[in-house]
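Colleague: Okay, here's the structure, questions in a sec.
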Ligand SMILES: *Cc1c(COP(=O)(O)O)cnc(C)c1O
């Protein structure tokens with residue numbers, strides 16, 4: 001099955017009791033048993049739920065995985081992955097990552113004895129000096145936030161395999177439509193379903209996909225034993241959203257290209273970060289591992305005045321000022337004062353994150369309206 005067919009049909013069967021074509025919301029906490037232990041595969045809703053089952057099967061198919069487990073949020077999915085490890089284990093992660101992931105690593109799991117190294121993965125060889133007998137996992141996020149750097153998944157996964165390490169890719173920014181990390185050699189892929197996969201900014205949820213049966217067994221155990229499971233209403237919403245993932249990603253990518261081109265030629269814009277531009281420093285890797293380039297764009301204004309960036313943010317009408325990304329509607333944000341405010345200014349600047357950097361999550365509206373909106377806001 002091709003991607004556009006899978007999003008609609010994979011894992012989804014008409015309901016056997018009624019023929020309902022859409023998976024019902026099984027809003028129940030428990031299931032009646034014929035005799036102790038004799039049941040239809042469902043005992044208690046933390047452990048199994050048919051709405052969640054359908055969603056997990058669907059999402060597994062999108063990442064060409066045999067197994068998928070959903071969790072209450074993206075961070076709960078990452079939390080489940082971290083529970084695979086024991087005190088003393090070491091993890092190597094990219095240094096340009098989602099702030100919440102960094103907080104989970106350092107404020108929660110460092111306390112329980114996991115050790116983290118954050119490194120620049122522009123060149124996979126940078127990882128080698130950090131590998132020792134305690135190293136267990138390499139954590140990649142690509143494209144990164146907000147600099148939209150691209151990491152070579154195939155090269156890092158190959159290096160990890162040589163050293164018997166697990167590679168995990170946070171694939172939230174790309175979505176399975178643009179990029180399939182398991183096909184490139186990664187062991188697990190993690191998603192915040194909150195973003196592109198659900199796509200309508202109306203639910204938070206996370207998932208982990210893998211083809212490793214042993215890891216899958218543990219992830220399933222953790223899902224039930226730790227209990228951060230999503231509710232059936234939310235599973236229904238994600239199932240509903242995912243059916244148009246391919247159409248939305250096509251339009252996000254089309255609009256992304258038009259807006260990146262508009263910004264590139266604008267006299268007040270200094271630099272545009274969009275991995276589909278031939279001028280992007282990792283464009284060749286992006287071309288190799290992604291089907292298209294999506295709707296996440298960052299750009300800086302000429303000059304170093306933060307007020308100039310804040311003025312743009314204040315003056316857009318269609319681009320709403322908000323955190324998050326990946327919904328049908330366009331959002332605009334200012335990483336230096338919003339998502340990345342907790343990082344000291346010197347460190348931010350060293351990572352290339354200037355005070356004039358503006359991040360766009362380009363939605364699927366008519367692109368001429370979006371360009372008009374940006375043009376008038378930058379002009380002010
Ligand atoms: C949002 C996000 C997360 C966390 O997901 P939640 O659903 O908000 O818990 C993790 N990684 C990336 C890249 C994200 O954008």
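Values in this text are rule-based calculations from the coordinates and carry no lab data. Since this is a predicted model, take the numbers as computed values, not measurements. Here the Cβ is made from the backbone with ideal geometry for all residues, glycine too, and neighbour counts use every protein chain on show.
Colleague: Over segment 218-284, what lengths in whole Å, largest first, do the semi-axes of the equivalent ellipsoid take, defined as the square roots of 5 times the eigenvalues of the alpha-carbon gyration tensor?
Modeller: 39, 17, 11
Colleague: For segment 76-168, just say rounded, prolate or oblate: build the C-alpha gyration tensor, square-root its eigenvalues into a ≥ b ≥ c, call rounded for a/c under 1.5, and beyond that prolate if a/b exceeds b/c, oblate if not.
Modeller: oblate
Colleague: Relative contact order of the chain: what whole-number percent is it, with Cα pairs under 8 angstrom and at least 6 residues apart? Could the numbers behind the result be given before it?
Modeller: Values: 741 pairs, mean separation 62.1, N = 380.
Dividing the mean separation by the residue count of the chain yields 16 percent.
Colleague: Ok, one more. If all Cα-Cα distances of segment 3-242 are sorted into 5 Å bins from 0 onward, what percent lands in each bin, rounded to whole numbers?
Modeller: The percentages, shortest bin first, are 1, 6, 14, 18, 19, 16, 11, 7, 4, 2, 1, 0.
Colleague: I need the per residue convex hull volume for segment 245-379, using only the alpha carbons, in cubic angstrom as a whole number.
Modeller: 107
Colleague: Moving to a separate point now. In Å, what Rg and Dmax follow from the Cα atoms of segment 29-82?
Modeller: 13.5, 38
Colleague: Given a Förster radius of 25 Å and the C-beta distance between residue 86 and residue 126 as r, what FRET efficiency does 1/(1 + (r/R0)^6) yield to the nearest 0.05?
Modeller: 0.45
Colleague: Return the calculated 222 nm mean residue ellipticity for the chain, to the nearest 500 deg cm²/dmol, obtained by summing -39500 (n - 2.57) across DSSP H runs with n ≥ 4 and dividing by the residue count.
Modeller: It comes out at -10000 deg cm²/dmol, rounded to the nearest 500.
Colleague: For segment 114-160, divide the Cα radius of gyration by the Kirkwood radius and give the resulting Rg/Rh value with two decimals.
Modeller: Result: Rg/Rh = 0.95.
Colleague: Shifting gears a bit: What percentage of all Cα-Cα pairs in segment 229-324 are separated by more than 24 Å?
Modeller: 39
Colleague: Now, a different point. So how far, in whole Å, is the C-alpha centre of segment 41-99 from the one of segment 191-254?
Modeller: Going from one Cα centre to the other spans 9 Å.
Colleague: Calculate log10 I(q)/I(0) of segment 315-380 for q = 0.13, 0.20, 0.22, 0.28 Å⁻¹, where I(q) comes from the Debye formula with a single equal point scatterer on each Cα and nothing for solvent.
Modeller: After summing over all Cα pairs, the log10 values are -0.40, -0.81, -0.91, -1.15.
Colleague: By how many nm would the segment from residue 29 to residue 214 grow when fully extended, if each residue of separation counts as 0.36 nm and the alpha-carbon distance is taken off?
Modeller: Separation in residues times 0.36 nm, less the Cα-Cα distance, equals 63.8 nm.
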